[in-house]
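The values are calculated or read from the model by the stated rules, or taken from the named source; none is laboratory data. Only a predicted model underlies this, so the values are computations on that prediction, with no experimental measurement involved. With ideal geometry, Cβ positions are generated from the backbone for all residues, glycine too; neighbour counts draw on all protein chains shown. Each accessible area value is taken on the protein alone, full model and side chains, heavy atoms only, with ligands, DNA and RNA left out. Shrake-Rupley method; radii C 1.70, N 1.55, O 1.52, S 1.80 Å.
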Amino acid sequence: MSLWLTYPLLLPSLIVGVTIVLWATSLLPEFITALLFFTAAMTAKIAPPEAIFGGFASSAFWLVFSGFVLGVAIRKTGLADRAARALSAKLTDSWVLMVASVVLLSYALAFVMPSNMGRIALLMPIVAAMAKRAGIPDGSRAWFGLALAVGFGTFQLSATILPANVPNLVMSGAAEGSYGIHLNYVPYLLLHTPVLGILKGLILIGLICWLFPGSPKPPKELVPSEPMGRDEKRLAWLLAVVLGMWVTESWHGVGPAWTGLAASVIVMLPRVGFITGEEFSAGVNMRTCIYVAGILGLAIVVTQTGIGTAVGEALLRIMPLDADRPFTSFLALTGITTALNFIMTANGVPALYTTLAQSFSDATGFPLLSVIMIQVLGYSTPLLPYQASPIVVAMGLGKVPAKAGMVLCLALAIATYLVLLPLDYVWFSVLGRL
């Protein structure tokens, strides 16, 4: 009998494992690793094509694509520079102030804009123009720090706002579908914001200032801005409509990806839009789009082949979950989420973890809702960039090398687990959640 038939998860696990190692070590460019994953998975037939290439059908992929297109238009029309001029006049007096303002802006926008990718698409060209006006050149360590501030501030801090990122929505849907638990906005915000929002944001600012030092030069000219041109006004109105559609998604039901895609098509229409075919080719980073599709496809394959379930059940058996040692159990549950993040990425973790939450609750004695909530610290703190596609997108838009993203990921994860995890445990206890 074939070894693959005897151990049906062996070949899928091998392909998934090699893909993760290649992404984690950057031995190959990320998009080539994604293409290798597609090739190996289809050749070995480890899952149906609609699962392997499911990333291309994901709304996240099309938000990434539309983000690139809209970013090109925002830069070309001068809208990015206009917004940057207004911001840089007040926020470039010091490097700490500049980094803090970018992180705060990324976090604040999450309260009104539901899409991580949409927020990154909106912010990156503005931050790039602000950096240019402050004398921070492209490709410098200071620029890498600002681009990462957008990515990390957008993804990691928005995990404290229930509707503001995909993993939160996956968790909410899984909790309601599996246990009939409906998560509420304000209690969720109160539980996570003090530690994973405010304190983590302060640590993120400190780490970026330390790892990616910069010396902004406030612009000296105080020349008033010229009136908005025709193209600027048209694009501003279009973006206002897009932003309005994103904010009111719960009313009309049109996802942010499809709103962004529609805006991208308008932006590229001959005689109506703002960018040419050549500008599209030069400005839209298809390498990052393919990479994101690979990440999402891998997460789908892990779920459909049963790899995720097998790993989750194995972790349940070996992790020290004990009702008599609550802090150890809290630590173990976070560790389970962190381990699952390696194979399922942040978007996929809540789907599996939440379905196992009742078993975790029985083993630890924690309330079921608290067990579900504990995972937020784990999936919102990736150890490597590929585990969170919004961070990957920000790195792609900012042309940040993989090493820079990995260094900040690891540094923030270490600080989170050493400092914030114990504080999170205390906060859960104070609120009577444990």
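Okay, residues lined up against (1) assigned to a helix (DSSP H, G or I); (2) within 22 Å of the chain's Cα centre (by Cα); (3) farther than 26 Å from Ile198 by Cβ:
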{"residue": "Thr334", "(1), (2), (3)": "yes, yes, no"}
{"residue": "Thr337", "(1), (2), (3)": "yes, yes, no"}
{"residue": "Ser370", "(1), (2), (3)": "yes, no, no"}
{"residue": "Pro390", "(1), (2), (3)": "yes, yes, no"}
{"residue": "Leu421", "(1), (2), (3)": "yes, yes, no"}
{"residue": "Arg433", "(1), (2), (3)": "no, no, no"}
Flag for Thr305 being of a type in the set (Val, Ile, Thr) and under 24 Å from the mean Cα position of the chain (by Cα): no
Condition check for Ser264: open to solvent by 60 Å² or more (accessible area, probe 1.4 Å) and part of a helix (DSSP H, G or I): no
Failed condition for Ser106, given (1) closer than 17 Å to Ile205 by Cα; (2) open to solvent by 40 Å² or more (accessible area, probe 1.4 Å); (3) in contact with a helix residue (DSSP H, G or I) (Cβ under 9 Å, 6 or more places away or on another chain): (2)
Residue in the stretch 220-239 that is surrounded by 14 or more Cβ atoms within 10 Å (Cβ to Cβ), among the acidic types (Asp, Glu) and under 30 Å from Val349 (Cα atoms) present: no
Pick from the stretch 126-135, criterion among the hydrophobic types (A, V, I, L, M, F, W, C) and open to solvent by 10 Å² or more (accessible area, probe 1.4 Å), ranking: farthest from Ala394 (Cα to Cα): Ala129
Index of the failed condition, Pro382 passing every other in (1) crowded, with 22+ Cβ neighbours inside 10 Å; (2) modelled with pLDDT under 95; (3) in contact with a Leu (Cβ under 7 Å, 6 or more places away or on another chain); (4) of a type outside the set (Val, Ile, Thr): (3)
Residue check, Ala363 surrounded by fewer than 23 Cβ atoms within 10 Å (Cβ to Cβ) and over 27 Å from Val292 (Cβ atoms): yes
Those residues of the stretch 16-46 which are assigned to a loop (DSSP other than H, G, I, E, B) and either of a type in the set (D, E, K, R) or surrounded by fewer than 20 Cβ atoms within 10 Å (Cβ to Cβ) (or both), in sequence order: Ser26, Leu27, Leu28, Pro29, Lys45
Given (1) in contact with a Ser or Thr (Cβ under 8 Å, 6 or more places away or on another chain); (2) modelled with pLDDT under 85; (3) part of a helix (DSSP H, G or I), index of the condition Pro350 fails: (1)
Residue in the stretch 190-201 that is open to solvent by less than 40 Å² (accessible area, probe 1.4 Å), in a loop (DSSP other than H, G, I, E, B) and either farther than 30 Å from Val400 by Cα or of a type outside the set (Asp, Glu) (or both) present: no
Options Ile290, Ile295, Ile318, Ile300: the member that is more than 22 Å from Arg75 (Cβ to Cβ), among the aliphatic types (A, V, I, L, M) and without any contact (Cβ under 8 Å) to a residue 12 or more places away in the chain: Ile318
Residue count for the stretch 223-261, restricted to those that are more than 14 Å from Ala73 (Cβ to Cβ) and outside any helix (DSSP H, G or I): 10
